[in-house]
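These notes concern the structure reproduced below.
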Amino acid sequence: MSWILKKSKVLQWTNHAHGKMRYYGLSEQRVRRVLHSPKRIEEGIAPKTVAMMQPNSANSKWKIVSSGEKQQRQEIWKYEIWVMIQDAGSKRKVISAWRYPGMTKPGAPLPEAILQEVSEGADALSAENLIAREKMTGMLKKWRRSL
């Protein structure tokens, strides 16, 4: 679907993500599995983020739904695991991870324009982070000299 999301990148974990993982009983490996093979990818709520979902595959079942004269099989599951990420250069920041009880309805698929915007925004963020890091390094050096 998108070459941006399939690239292998170094994961950077936020404190918020670690706290949510601890609360919902999710391990880093389980979150990595969602990132590696998501069932659904959508635009995140926060700006320039992407949300990925994977159902609890251990308990997923099929149910037959009749729509008119056809009968279709629909997969059902008890809960979903969601991960929100943001790409920044060569790093992928895991912003949050949570467990949602039940099934969510799929939203609109992620448009290509958004994927391009995320990659451009990631480049801009990495440049801003570099400038901020240089400023902080200079301030720390001045502070250490004053001691």
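Points worth noting:
- Multiplying the residue separation of Ser27 and Tyr79 by 0.36 nm and removing their Cα-Cα distance gives an extension gain of 17.1 nm.
- Ordering 46-53, 72-79 by mean Cβ neighbour count within 10 Å, with the highest value first, yields 46-53, 72-79.
No lab work stands behind these numbers, since they all come straight from the coordinates. These numbers were taken from a predicted model, which means no experiment stands behind them. Glycine also receives a Cβ, built like all others from the backbone with ideal geometry; neighbour counts cover every protein chain displayed.
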